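Have a look at the structure below before the remarks.
Here, each number is a calculation from the coordinates, and none is a lab measurement. Every value quoted in this text rests on a predicted model; they were computed, and no experiment measured them. Glycine also receives a Cβ, built like all others from the backbone with ideal geometry; neighbour counts cover every protein chain displayed.
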Amino acid sequence: MLQQEEYGIYESYPFLPQHSQSAYVGVLNEPPVRQTLSEQDTSEPPLYPAGPQDSPPPPRKRPGRRGAILLLTLVLAVILGTGLFAGWEFAGQSSNSSSTPTSSQAKTTSSSTGTNIETQQEAAIATIEPAVVELKVKTAQGLQIGSGVIIDTKGDIVSNNHVVNGAQTIEAVLYNGTTEQAQLVGTDAADDMAVVRITPFAHMTVAKIGDSSKLVVGQEVLAVGNPLGITETATEGMVSALNRSVTESTGTTISQAIQTDAAVNPGNSGGALINLQGELIGIPTLTAVNTETKTAANGVSFAIPSNLVATVVHQLLQH
C-alpha cells in the first residue's frame with residue numbers, strides 16, 4: 001500500500017497595506033484670505049481666487065485584494081506541485097522497493113529449493129551406495145556383469161535372474177573394493193529375480209526396502225549400479241509411469257513395472273532404484289529398445305517394484 005506524504009495546511013499571512021514614505025496625500029490650496037464685507041450685493045457675482053485653481057491629485061491605489069489573491073494562488077500552486085512531485089517520487093521508490101524484495105525472495109526461494117533437492121540426493125546416494133555391489137558372473141559363454149543390493153544382515157543380495165542365469169561362479173565386488181565369493185540361494189525366472197549370499201562382514205550396510213505403492217508419477221528417483229562395469233554410478237530421473245507391463249527378450253513379462261527416465265545401461269540390472277530418502281523402491285531390470293535402430297531407447301527404462309521384490313525374496317529365502 002502506497003503511502004503519500006502528509007503536508008501541513010499552509011496559512012496565508014495577511015498582507016499589510018504598505019505605505020510608501022514618498023507618497024503624500026495632495027492638499028487643496030487654501031484660498032487667499034480676504035476681508036468679509038459686512039454687506040454684499042447679492043446681485044453681484046461671487047468672488048473667486050485669482051489665478052488658475054489646482055486640481056487635487058488622484059488618490060493612490062492601495063495594494064488591492066486582487067494582487068494578494070494572485071500571489072497566494074501562485075504560492076499554493078508551487079506548494080501543491082512540489083507535494084505532488086514528492087508523492088510521485090515516493091510512490092515510485094515504494095513500488096521499486098516493494099518489487100525488489102519479491103524478485104530477490106523468488107530467486108532465493110528457487111535457489112534454496114534447488115540446494116535442498118541436491119542435498120537430499122547426495123544423502124540418499126550416500127545411504128544406498130555401501131549396500132550396492134557389482135556381480136561378476138562366470139558362465140559357459142564367458143563373463144557377464146550386473147549389480148545387486150544387500151538386503152539383510154545375513155549377507156543376502158537381491159539381483160535379477162538374467163544376471164546370474166547359468167552361473168558357474170559368482171563374485172561380489174563390495175563398496176570398499178574387496179571381492180567376496182557369492183553363493184546362489186534361489187531364483188524366480190517368472191519375475192526375473194534371484195538371491196545370492198556372501199559371508200557377512202563388519203560394518204556391512206543393509207538397504208532399507210521402501211513401499212513402492214506410495215510412488216507417484218513425477219517423483220524424483222535415483223538409479224545406483226555398475227553400468228558397463230563402471231562401479232558405483234548414480235543417475236537421476238523421475239517416475240515416468242507406474243504399473244507398466246513389459247516383456248523381456250527372454251519372454252519374461254514383468255507386471256506393475258516402474259517406468260523411469262533415469263539412465264539405465266547394461267550392468268545396472270539388479271541394482272538399486274531409490275527415492276530421495278535412500279529407500280530401495282525398485283530393481284532396475286531392462287531398457288526399452290528402439291525397434292527401428294535396434295538400440296536402447298534413451299530415457300525409457302523399467303524396474304521391478306520393491307513390494308514385489310520383498311514378496312519374492314521372502315519366498316526364496318523360505319526354501
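Taking Lys and Arg as +1 and Asp and Glu as -1, the other residues whose beta-carbon sits under 14 Å from that of N165 total -3. Panel order for S301, S212, by other beta carbons found within 10 Å of each beta carbon, from fewest to most: S212, S301. Counting only Cβ charges, +1 for Lys and Arg and -1 for Asp and Glu, the dipole size of the stretch 212-318 around its Cα centre is about 220 debye.
Work out, step by step, the length gained on full extension between A123 and A77: first 0.36 nm times the residue separation, then minus their alpha carbon distance; give nm to one decimal. Contour length minus the Cα-Cα distance gives 9.7 nm.
Give the shape of the stretch 233-296 as rounded, prolate or oblate, defined through the alpha-carbon gyration tensor: a ≥ b ≥ c are the square roots of its eigenvalues, a/c under 1.5 means rounded, and otherwise the shape is prolate if a/b is larger than b/c and oblate if not. Cα axes put the stretch 233-296 in the prolate bin. What does the C-alpha gyration tensor say about the overall shape of the stretch 130-197? Classify as rounded when a/c is under 1.5, otherwise prolate if a/b is larger than b/c, or oblate. Since a/c reaches 1.5 but b/c is at least a/b, the shape of the stretch 130-197 is classed as oblate.
The local environment of G267, defined by Cβ-Cβ distances under 12 Å, has a net charge of -1 under the rule Lys, Arg +1 and Asp, Glu -1. As an equivalent ellipsoid, the stretch 109-164 spans semi-axes of 34, 14, 7 angstrom, where each value is the square root of five times an eigenvalue of the C-alpha gyration tensor, largest first. Distance between the modelled labels on L242 and N176, one decimal in nanometres: 3.9 nm (7 Å Cα→Cβ projection). Across the stretch 117-258, Cα pairs under 8 Å and at least six residues apart give a relative contact order of 21 percent. Measuring r between the beta carbons of Q183 and T311 and using R0 = 30 Å, the FRET efficiency lands at 0.85.
Full extension of the chain between Q219 and S249 gives 8.0 nm of extra length, using 0.36 nm per residue less the Cα-Cα distance. Residues F201, F302 in ascending order of nearby Cβ atoms (within 10 Å, fewest first): F201, F302. Residue order for K214, K294, K208, K136, fewest other beta carbons within 10 angstrom first, comes to K294, K214, K208, K136.
Mind running the shape call on the stretch 212-318? Use the C-alpha gyration tensor, a ≥ b ≥ c as the square roots of the eigenvalues: rounded below 1.5 for a/c, prolate if a/b tops b/c, oblate otherwise. Rounded is the answer for the stretch 212-318, as its axis ratio a/c remains below 1.5.
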